[in-house]
Amino acid sequence: MADKTPVNTERNCSKLDRDVLALPVRLGGLGLSNPCHDAAREYASSLQVTSPLVEHIVAQTHQLPDESLIESGRLAVKRGRAEELSGTAENLKQIVPRKTKRALDLAQEKGSSVWLTVRPLQEQGFNLSKREFRDAVKLRYDWPFDDIPSTCACGENFTVDHAMICKRGGFVIQRHNELRDLEADLLSMVCSDVEVEPVLQDITEEQLSRGSNRAQDARLDIQARGFWDPQSSAFFDVRVCHPNAESYKDQEPQQIYHIHENDKKRLYSRRVLDVEHGSFTPLVFTTTGGMGKECIRYHSRLAELIAAKKGEQYSQTIS
C-alpha cells in the first residue's frame with residue numbers, strides 16, 4: 001500500500017516517492033526517515049556504539065571505558081551510514097523517472113537545500129507558511145500543481161517551467177534584483193565604494209575582443225573596491241537561469257553554468273580588464289538554488305572577508 005504523507009507534501013506519495021523523501025537533505029531528500037526501514041540498522045548501530053560500556057557493566061568494572069573507543073564507534077557508525085545513504089541515493093537515481101532523477105541532481109547541488117536546514121528566523125524571512133513550504137517542495141521535485149491557471153498573461157500555456165522564464169509581470173526581473181541587492185549589501189560589509197548598476201566608462205581607442213558589449217551606457221550589476229585585491233575595483237553581474245527550461249533539459253547543471261559564465265565573460269570581461277582596469281566575476285544562479293563555479297568561488301572569498309572582520313570561524317560564516 002502506498003505511504004501517504006499529505007501533511008508535509010500535500011501529495012499521496014508512492015513507495016518510490018517515500019524512499020526519495022527519506023534521503024538526507026544533502027542527497028536530495030527531506031530527511032523524513034522511515035522507521036520501518038531504519039529500525040534494524042539503528043539497533044545495530046546502538047549495539048556497536050555502546051558495546052565498550054556494556055562490556056564494563058557486565059564485568060562490573062568501576063572505571064569508565066576509554067572515551068576514544070566510544071568515539072571511534074560513533075565515527076564508524078557515521079561513516080557507514082553516510083556510505084549506505086550515498087549508495088541508496090545512487091540506486092534510486094537508476095530506477096526513478098527521468099524527471100525525478102533531474103530533480104535529485106539539482107537538489108544535490110551545493111546550496112540548493114539550505115532553505116530546508118536554515119533556522120526559520122522571521123526577521124530573515126526564513127519562516128515559510130504551510131502553503132509556501134508545500135509549494136517549495138513541489139518545485140524541488142518538479143511535482144505538478146493542481147491550482148494553477150491554464151493560460152499565462154502573455155498568451156502561452158501556463159506551466160511551472162513557463163512561469164520561471166516568462167518576462168510578463170516582472171517576477172524574473174524581481175528575483176534578479178533581489179539577488180543583486182543582497183550581494184551588494186553583503187559586499188558593503190567588507191568593501192568600500194560599493195555601487196549598484198555602475199555605468200562603465202566609454203570606449204575610446206581600446207581594441208576589445210569580438211562579442212564584447214560596446215554600448216556607451218553599458219552597466220554591470222555591482223562594483224566594489226578591494227574585494228579580490230586591495231584598492232582594485234571588482235565588477236559583478238548576476239544571472240538567474242531556470243535549468244528545467246526546454247533548451248536546458250538535456251544538459252547537465254555544470255554545462256548550463258559554463259554556458260552562462262562564458263556568455264557573461266564574452267560580453268564584459270575584456271572591457272572591464274582593458275577599460276576599467278578591474279576584475280570581472282559572473283554570478284550565475286539557478287532557480288533551484290544552485291550556483292556556478294565562479295559564483296561559489298566568490299562566496300567563499302566573501303565568507304573569508306566577513307569572517308575576518310567579525311572575528312568568526314569561516315565555517316560558521318559560510319553556513
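We did not get these values from a lab; they are worked out from the coordinates using the rules stated. Keep in mind that what you see is a predicted model, and the values were worked out from it rather than measured. Here the Cβ is made from the backbone with ideal geometry for all residues, glycine too, and neighbour counts use every protein chain on show.
Condition first: in contact with a Cys (Cβ under 9 Å, 6 or more places away or on another chain) and under 30 Å from Thr204 (Cβ atoms). Now tell me which residues in the stretch 242-284 satisfy that.
First, pick out the residues of the stretch 242-284 that are in contact with a Cys (Cβ under 9 Å, 6 or more places away or on another chain): 248, 256-257, 259-261, 281-284.
Result: His260, Glu261, Thr281, Pro282, Leu283.
Here's the yes/no breakdown for (1) within 30 Å of Leu139 (Cβ to Cβ); (2) touching a Lys or Arg at 6+ places or on another chain (Cβ under 7 Å); (3) not basic (Lys, Arg):
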{"site": "Thr159", "(1), (2), (3)": "yes, no, yes"}
{"site": "Ile165", "(1), (2), (3)": "yes, no, yes"}
{"site": "Glu178", "(1), (2), (3)": "yes, no, yes"}
{"site": "Glu183", "(1), (2), (3)": "yes, no, yes"}
{"site": "Asp193", "(1), (2), (3)": "no, yes, yes"}
{"site": "Glu205", "(1), (2), (3)": "no, no, yes"}
{"site": "Ser212", "(1), (2), (3)": "no, yes, yes"}
{"site": "Asp217", "(1), (2), (3)": "no, no, yes"}
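Do any helices (runs of 4 or more DSSP H) entirely within the stretch 26-132 hold 1 or more residues that are more than 18 Å from the chain's Cα centre (by Cα) and surrounded by 10 or more Cβ atoms within 10 Å (Cβ to Cβ), and if so, which?
Where helices (runs of 4 or more DSSP H) fall fully within the stretch 26-132 and carry at least 1 residues being more than 18 Å from the chain's Cα centre (by Cα) and surrounded by 10 or more Cβ atoms within 10 Å (Cβ to Cβ), they are 35-58, 67-95, 98-107.
Which pairs have Cβ atoms under 6 Å, sit 6 or more apart or on different chains, and link a residue in the stretch 144-169 that is touching a residue at least 40 places away in the same chain (Cβ under 8 Å) to one that is part of a loop (DSSP other than H, G, I, E, B)?
Listed by first residue and then by second, the contacts come to Asp161/Asn244; Met164/His242; Met164/Thr287; Ile165/His242; Ile165/Ala245.
Would you confirm whether any residue within the stretch 175-189 is buried (at least 16 other Cβ atoms within 10 Å of the Cβ), in a loop (DSSP other than H, G, I, E, B) and touching a residue at least 60 places away in the same chain (Cβ under 8 Å)?
no
Among the candidates Leu139, Leu128, Leu106, Leu85, which residue alone is closer than 24 Å to Leu27 by Cβ and in contact with a Gly (Cβ under 8 Å, 6 or more places away or on another chain)?
Working: Leu139 fails: in contact with a Gly (Cβ under 8 Å, 6 or more places away or on another chain); Leu128 fails: in contact with a Gly (Cβ under 8 Å, 6 or more places away or on another chain); Leu85 fails: in contact with a Gly (Cβ under 8 Å, 6 or more places away or on another chain).
Only one candidate qualifies: Leu106.
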